[in-house]
Amino acid sequence: MKGPSVVVIGSGPSGFYTAESISKKLNSNIDIIDRLPTPFGLIRGGVAPDHQTTKKITAIYSKIAKKEQVNFFGNIEIGKDISIDEIRKIYDVVVLAIGSELDNKLEIKGSNLKGVYGSAEFVGWYNGHPDYVSLEPDLNTENVVVVGNGNVAIDIVRVLSKTSEEMINSDIPEYALNSINKSPIKNLYMVGRRGPIEAKFTNVELREMGNLKNCLPIVNLDLPSKVVGNYSERDQRLIEKNLETLKSFSLIEKNNKEKKLNFNFFQKPIEIIGNERVESVNFETTKLEGTKLKSTGEINNINCGLIISAIGYKPKEVPGIKISNGVVKNNNGKIDKGFYAAGWIRRGPTGVIGTNKADGELVADLISKDFKDQNKDGRKSLIELIKSKNLKSTSFENWEKIDSYEKKNAVEPAPRKKILTIKEMLNLCNI
Ligand SMILES: Cc1cc2nc3c(=O)[nH]c(=O)nc-3n(C[C@H](O)[C@H](O)[C@H](O)COP(=O)(O)OP(=O)(O)OC[C@H]3O[C@@H](n4cnc5c(N)ncnc54)[C@H](O)[C@@H]3O)c2cc1C
């Protein structure tokens, strides 16, 4: 007897971990749909291009995609090409794993000026994400401000600080590398509203900033000698490590580093100034009273021609889905009988790649309790629907063709030269 027919919407980590967990529990056909012709979500379009080791996780996802039960359907956007209602009518089980693709915007005066970007668009640009390849941010400025104190902010300042030699093993597109190399960037400011104890970046990422060829990290305050606050032993240890690393930056040889990365803590952005383009940004110094953040009234101005905010993500609106507090309305993974959620869309944009594994297991458990047998024929109806709507979908074999083409076209030691538009990807696959 066949298990319930399953479709997972979204082929990022949570989509693949969900497919894997279901395939271990149920004798089901599992289809994975993505709006892009290519799989892997933020692993391809978010994880920094110079962190290729992290991207190797896709080898595991490829094994899942190649299981007999599993099929990939790329280039199909749910909510646009096929509605939620339509997909629920043809599958017993629908799992939403669409991530949180939009930026939380800086809600301050001047944030609509040219030269102000969110991290989703800026990271998408330097990662060759088809949505953002034509962003063309103007990097003709000496000073760049990145707002945020997490790993995404660190990724951005690192990519803007590395020399082309340091990026040689990356898959950054040529246009982005050229634009960064030509830019006169000298000062990068990574600015957080709170302090180094509260910062969200992890130690490996922070330490890397101390080993850059042409960039000197500088911290704007006297670092605390001990961790104050209510933290678990583990968190306390991690914070202590970060403080040690930040302290060690003052010992770095200062000669010959043309770029400076300033870690500006306790600074809250209050206004972006400029006519058409950003010219500077005002910050107010803050302080912590207990866990409460207080303004001090002291204003600092930083001249800059580019601001990137890395202050979190929110999901795209999809017709037929209720978003509440930045996630799809769900009860521990269940939206409704036959409708489930995993990954960032379920729990919000936090955690590392591996955090999504538990989401996959959670959803697979719920499904195996709610369903035993197949009632709707799933894949067969999906293929008919794709045909009747004249949609151009890609298969996992098509992705493998794109993948080997990108690898073949890379100039060694770069791992790949990404195809940048959906049209080119479909052309390559004769679709
Ligand atoms: C810039 C950045 C860098 C990161 N770097 C690291 C790192 O170095 N290490 C680490 O451990 N973690 C990193 N993370 C976190 C990690 O990427 C996430 O935990 C993980 O990708 C979340 O998985 P997900 O499947 O929920 O979402 P996603 O990876 O976003 O996948 C969602 C998928 O759904 C698809 N989709 C969206 N809407 C639709 C629709 N309507 N129809 C069909 N498909 C749709 C998207 O195309 C996408 O493929 C990073 C995150 C960001 C933003």
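The values are calculated or read from the model by the stated rules, or taken from the named source; none is laboratory data. Being a predicted model, the structure only gives us computed values, none of them experimental. We place every Cβ from the backbone using ideal geometry, glycine too, and count neighbours over all the protein chains shown.
Taking residue 23 as the residue in question, decide whether it is within 13 Å of the ligand (Cβ to nearest atom), hydroxyl-bearing (Ser, Thr, Tyr) and either farther than 23 Å from residue 369 by Cα or outside the structural domain of residue 132 (by TED's automatic domain parsing) (or both). It is false that residue 23 is within 13 Å of the ligand (Cβ to nearest atom), hydroxyl-bearing (Ser, Thr, Tyr) and either farther than 23 Å from residue 369 by Cα or outside the structural domain of residue 132 (by TED's automatic domain parsing) (or both).
Having 3 or more residues that are not assigned by TED's automatic domain parsing to the domain that holds residue 47 is the bar; report the strands (runs of 3 or more DSSP E) wholly within the stretch 79-149 that clear it.
On the way: elements: 93-96, 116-118, 143-147.
Passing ranges, in order: 116-118, 143-147.
Exactly one residue among 189, 175, 132 is modelled with pLDDT of 95 or more, within 14 Å of the ligand (Cβ to nearest atom) and either out of contact with any helix residue (DSSP H, G or I) (no Cβ under 7 Å at 6 or more places or on another chain) or aromatic (Phe, Trp, Tyr) (or both), and that residue is 132. Among residues of the stretch 360-408 being aromatic (Phe, Trp, Tyr) and in contact (Cβ under 8 Å) with a residue 40 or more places away in the chain, the one that is farthest from residue 81 (Cα to Cα) is 371.
Return yes or no: is residue 159 assigned by TED's automatic domain parsing to the domain that holds residue 291, surrounded by 15 or more Cβ atoms within 10 Å (Cβ to Cβ) and either over 15 Å from residue 267 (Cα atoms) or within 14 Å of the ligand (Cβ to nearest atom) (or both)? Yes; evaluated as a whole, the condition is true for this residue.
Conditions (1) within 11 Å of the ligand (Cβ to nearest atom); (2) part of a helix (DSSP H, G or I); (3) under 15 Å from residue 396 (Cβ atoms); (4) not hydroxyl-bearing (Ser, Thr, Tyr), marked per residue:
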site	(1), (2), (3), (4)
14	yes, yes, no, no
32	yes, no, yes, yes
60	no, yes, yes, yes
67	no, no, yes, yes
71	no, no, yes, yes
76	yes, no, yes, yes
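Restricted to the stretch 267-359, the set of strands (runs of 3 or more DSSP E) holding at least 3 residues that are over 21 Å from residue 156 (Cα atoms) and within 16 Å of the ligand (Cβ to nearest atom) comprises 339-341. Among the residues of the stretch 81-124, those identified as touching a Gly at 6+ places or on another chain (Cβ under 8 Å) and among the β-branched types (Val, Ile, Thr) are 84, 90, 93, 94, 95, 98, 116, 123. Applying the condition of being more than 9 Å from the ligand (Cβ to nearest atom) and hydroxyl-bearing (Ser, Thr, Tyr) to the stretch 78-102 and asking which residue is surrounded by the most Cβ atoms within 10 Å (Cβ to Cβ) yields 91.
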